[in-house]
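Heads up, the thing below is written out as structure tokens.
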Amino acid sequence: MTPSAFMQDTLLIRSLQGMIRLTEVPVNGSGCLMVENFVAACTPNTKLVSVMLANNETGVLFDVSCISQAVKNAFPEILVHTDAAQAIGKIPVDVESLGVDYLTVVGHKFYGPRVGALYHRSGAPLLPLFYGGGQEHSLRPGTQNTPMIAGLGAAADIASRNLYSESCLMLQCRDHLETRLRETFGDKVVINCAQSPRLPNTSNFALLLPNCRNVDILREVNFTASKGAACHSQNTSKPSQILLKSGVPHEVAMNSIRVSFGIKNSLEDAEFIVQDLIRATKTLALK
């Protein structure tokens, strides 16, 4: 699996402390998780499995519904968690059809307040975050942040009502960008995980041109993009481990750029990115 940096580091620490036994399930060369590999990694001692609904760097979608069903068919007692942070507001997300016990939500990913929430199925075990009060059924003691809670609910409602039209718009922008990149740069552009099912708003690509490292391109352009996830942004001299584990060659991973479209973007914005990349790469080639 490809967990978030926070979860990955937390689980690794617990594993090193001997508190848990951690098993990571690798993705294939297209960045996808194979259901049979996931089930094969489970044992009668496995208590919890966690898988992203959508990867935050490549945009690749994981078939959480099939994974959850297959795991529970083989081991009914295993609990299933999915991190849906990247998916909500871009694709339909339904906890019942996913068949999970826990689902993570992050508000700012769909224009809500910067606050998170955890869905847990009725009857699924859940220990308190900390102790000392009875708020939220004693699971998260302390005065409730009413404005944040109300804002998260309102944002989720708006995102749900406008999901189809906004996801179609983001998909049009992403597809226009990738089509124009191929037309413009030919075999010098690589779209990472392009053959895999992906979020409609995310494009991860590399330009393999002389003197055009991704960090230099990002300094030169007049739009905002990134090398990868913000939680890995401190590793400026290393390629993304997510890309490497997804079968992306080292040279491509070192030069990859992630562009994410939002509900306020347009086809004109996608074309601007292409034209700005043309200008930026020409400028860098002369240096």
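The values are calculated or read from the model by the stated rules, or taken from the named source; none is laboratory data. Note that the coordinates shown come from a computational prediction; the quantities given were computed from them, not determined experimentally. No Cβ is skipped: glycine too gets one built from the backbone with ideal geometry, and neighbour counts run over all protein chains shown. Heavy atoms of the whole protein, side chains included, go into the accessibility calculation; ligands, DNA and RNA do not. Shrake-Rupley method; radii C 1.70, N 1.55, O 1.52, S 1.80 Å.
Among residues of region 222-246 being buried (at least 18 other Cβ atoms within 10 Å of the Cβ) and not in a helix (DSSP H, G or I), the one that is modelled with the lowest pLDDT is Gly228. Output the residues belonging to region 57-73 that are of a type in the set (S, T, N, Q) and open to solvent by 20 Å² or more (accessible area, probe 1.4 Å). Within region 57-73, Ser65, Gln69, Asn73 qualify.
Note on region 41-55: residues that are polar (S, T, N, Q), surrounded by fewer than 24 Cβ atoms within 10 Å (Cβ to Cβ) and assigned to a loop (DSSP other than H, G, I, E, B) total 3. Residues in region 118-152 that are open to solvent by less than 40 Å² (accessible area, probe 1.4 Å) and closer than 22 Å to His81 by Cα: 3 in all. If you check Pro76, Pro92 for being without any contact (Cβ under 8 Å) to a residue 12 or more places away in the chain and open to solvent by 10 Å² or more (accessible area, probe 1.4 Å), only one passes: Pro76. Failed condition for Phe38, given (1) buried (at least 18 other Cβ atoms within 10 Å of the Cβ); (2) among the hydrophobic types (A, V, I, L, M, F, W, C); (3) part of a loop (DSSP other than H, G, I, E, B), with all others met? Only one criterion in (1) buried (at least 18 other Cβ atoms within 10 Å of the Cβ); (2) among the hydrophobic types (A, V, I, L, M, F, W, C); (3) part of a loop (DSSP other than H, G, I, E, B) is unmet by Phe38, namely (3).
Does Ser65 satisfy being among the hydroxyl-bearing types (Ser, Thr, Tyr), touching a His at 6+ places or on another chain (Cβ under 6 Å) and under 26 Å from Asn192 (Cα atoms)? No: the conditions fail for Ser65. Annotation note: Cβ proximity below 6 Å between a residue of region 151-169 that is among the charged types (D, E, K, R) and a residue that is surrounded by 16 or more Cβ atoms within 10 Å (Cβ to Cβ) (sequence gap 6+ or interchain) occurs for Glu166/Ile263.
Within region 273-287, residues that are without any contact (Cβ under 8 Å) to a residue 12 or more places away in the chain and closer than 14 Å to Asp216 by Cβ reach no partner that is in a helix (DSSP H, G or I) and open to solvent by 40 Å² or more (accessible area, probe 1.4 Å) with beta carbons closer than 6 Å at six or more positions or on different chains. Restricting region 186-197 to residues that are over 18 Å from Lys227 (Cβ atoms) and touching a residue at least 24 places away in the same chain (Cβ under 8 Å), the residue that is most open to solvent (accessible area, probe 1.4 Å) is Gln195.
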